[in-house]
Amino acid sequence: MRRKRWTRRVLLVFSLMFIFMNVVAYIHAWKFTHFSSGGAKTKNPHQLSASEKLSALLFGINNPRPENQFKPSGNYTTIGLQSNKRIEGWLIPCDSARGTILIFHGYSGNKSSMLDKAVIFKDLGYETLLIDFMGSGGSEGNQTTIGFFESQEVCAAFRYSKQRSSKPVVLFGTSMGAAAIMKAVADSSLAADALILECPFGTMQETVEARFRSMHAPVFPMARLLVFWGGVQNGFNAFAHNPASYASKVNIPTLLMYGEKDRSVSRSETDRIFTALGGAKKLVLYPEAGHENYLNKYKALWTSQIEDFLDSLPSAN
């Protein structure tokens with residue numbers, strides 16, 4: 001009898017732990033993929049106190065809906081495109097443009113956060129189309145799928161650009177935006193002239209694990225539970241959302257850029273993506289950069305490397 005009672009108690013404890021972990025993972029997954037309507041954004045993990053980290057681990061982060069803080073300083077046109085969601089873009093013209101650069105932001109970003117790069121592309125002779133992914137800025141909703149359904153929005157922007165001009169189209173994306181670009185090319189065989197990709201993650205599993213490590217939280221089994229529930233909540237197989245796999249279907253000239261102090265994306269993820277890419281490709285490393293805007297520390301170098309890459313394209317000659 002004592003052994004049976006002990007067994008029941010052990011089973012009860014494990015059952016309660018399993019339920020608790022799934023509840024916490026479900027909350028984290030929802031807050032990771034759905035922006036809130038207000039409140040202060042949760043600080044970076046290294047800025048949190050012990051009690052704040054505990055609260056974030058139990059109840060998830062607060063991630064307010066990203067809103068555009070700035071507008072282009074010169075002439076631009078606001079456009080609306082229908083994809084899986086209604087999305088908004090800014091088309092910034094350039095006299096005698098050599099082509100169009102489509103610009104896609106990262107997780108929890110928006111198109112206004114990419115204006116500094118649009119200025120550089122314009123100086124290099126390209127018009128730009130900056131896109132708000134669903135859930136951000138002027139686009140519909142409050143949801144993000146970390147590049148999965150956003151890939152359809154990349155396709156919509158590309159089709160729009162090809163319809164209005166026969167000049168070269170280059171896809172530029174950072175982090176989640178880079179992942180969305182690779183999925184769009186893999187799924188729809190977009191005939192873009194080139195890709196410029198900054199710090200894409202290798203797999204959904206790895207990027208979630210990195211978030212848990214940054215919080216000094218147990219990666220197993222919580223990361224897998226979050227990926228599972230995130231997929232269930234948003235209607236896709238999150239375990240199969242892997243840019244490293246998409247890269248194997250990319251046969252377009254690609255410039256891949258990575259900061260060697262990146263804590264969100266590992267060097268091994270970057271190397272796997274680079275190895276899988278087909279066609280002409282180049283990997284650029286920034287020794288002192290993390291998962292950040294590379295213009296913060298490497299503006300001149302970034303600009304020259306982008307210019308050299310664009311000048312090397314067959315469409316530029």
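Determine, yes or no, whether Val250 is surrounded by 15 or more Cβ atoms within 10 Å (Cβ to Cβ), closer than 24 Å to Phe121 by Cα, in the same structural domain as Lys167 (by TED's automatic domain parsing) and out of contact with any Ser or Thr (no Cβ under 6 Å at 6 or more places or on another chain). Steps first, answer last, please.
Numbers: surrounded by 15 or more Cβ atoms within 10 Å (Cβ to Cβ): yes; closer than 24 Å to Phe121 by Cα: yes; in the same structural domain as Lys167 (by TED's automatic domain parsing): yes; out of contact with any Ser or Thr (no Cβ under 6 Å at 6 or more places or on another chain): yes.
Criteria met by Val250.
I'd like the residue in the stretch 84-113 that is within 29 Å of Ser264 (Cα to Cα) and hydroxyl-bearing (Ser, Thr, Tyr) and, out of all such residues, is surrounded by the fewest Cβ atoms within 10 Å (Cβ to Cβ).
First, pick out the residues of the stretch 84-113 that are within 29 Å of Ser264 (Cα to Cα): 84-85, 87-90, 101-113.
Next, only the ones that are hydroxyl-bearing (Ser, Thr, Tyr) stay: 107-108, 112-113.
On the way: Tyr107: 23, Ser108: 19, Ser112: 22, Ser113: 21.
Ranking the candidates gives Ser108 first.
This table checks each residue for (1) touching a Ser or Thr at 6+ places or on another chain (Cβ under 9 Å); (2) surrounded by 14 or more Cβ atoms within 10 Å (Cβ to Cβ).
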| position | (1), (2) |
| --- | --- |
| Phe228 | no, yes |
| Asn242 | yes, yes |
| Glu260 | no, no |
| Val265 | yes, yes |
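Of all residues in the stretch 268-288 being within 14 Å of Ser175 (Cα to Cα) and in contact with a strand residue (DSSP E or B) (Cβ under 7 Å, 6 or more places away or on another chain), which is surrounded by the most Cβ atoms within 10 Å (Cβ to Cβ)? Walk me through it before giving the result.
Step one: of the stretch 268-288, the residues within 14 Å of Ser175 (Cα to Cα) are 269-270, 273.
Remaining after also requiring in contact with a strand residue (DSSP E or B) (Cβ under 7 Å, 6 or more places away or on another chain): 270, 273.
Working: Thr270: 24, Ile273: 30.
Step by step, filter the stretch 268-288, then rank; the result is Ile273.
Cβ-Cβ distance below 6 Å, separation of 6 or more or different chains: which pairs start in the stretch 50-77 with a residue that is surrounded by fewer than 12 Cβ atoms within 10 Å (Cβ to Cβ) and end on one that is polar (S, T, N, Q) and at pLDDT 75 or above?
That search, which allows pairs on different chains as well, returns Gln69/Ser112; Phe70/Ser112.
What are the residues in the stretch 82-117 that are under 20 Å from the mean Cα position of the chain (by Cα), in a strand (DSSP E or B) and among the aliphatic types (A, V, I, L, M), if any?
Within the stretch 82-117, the subset under 20 Å from the mean Cα position of the chain (by Cα) is 83-90, 101-117.
Okay, now just the ones that are also in a strand (DSSP E or B), so 86-90, 101-104.
Listed by number, the residues that qualify are Ile87, Ile101, Leu102, Ile103.
Quick check on the stretch 114-140: of everything there that is in contact (Cβ under 8 Å) with a residue 60 or more places away in the chain and among the hydroxyl-bearing types (Ser, Thr, Tyr), which residue is surrounded by the fewest Cβ atoms within 10 Å (Cβ to Cβ)?
Tyr126
The values are calculated or read from the model by the stated rules, or taken from the named source; none is laboratory data. Please read these numbers as outputs of a predicted model, since none were measured by experiment. Quick reminder, even Gly has a Cβ in these numbers, built from the backbone with ideal geometry, and neighbours come from all protein chains shown.
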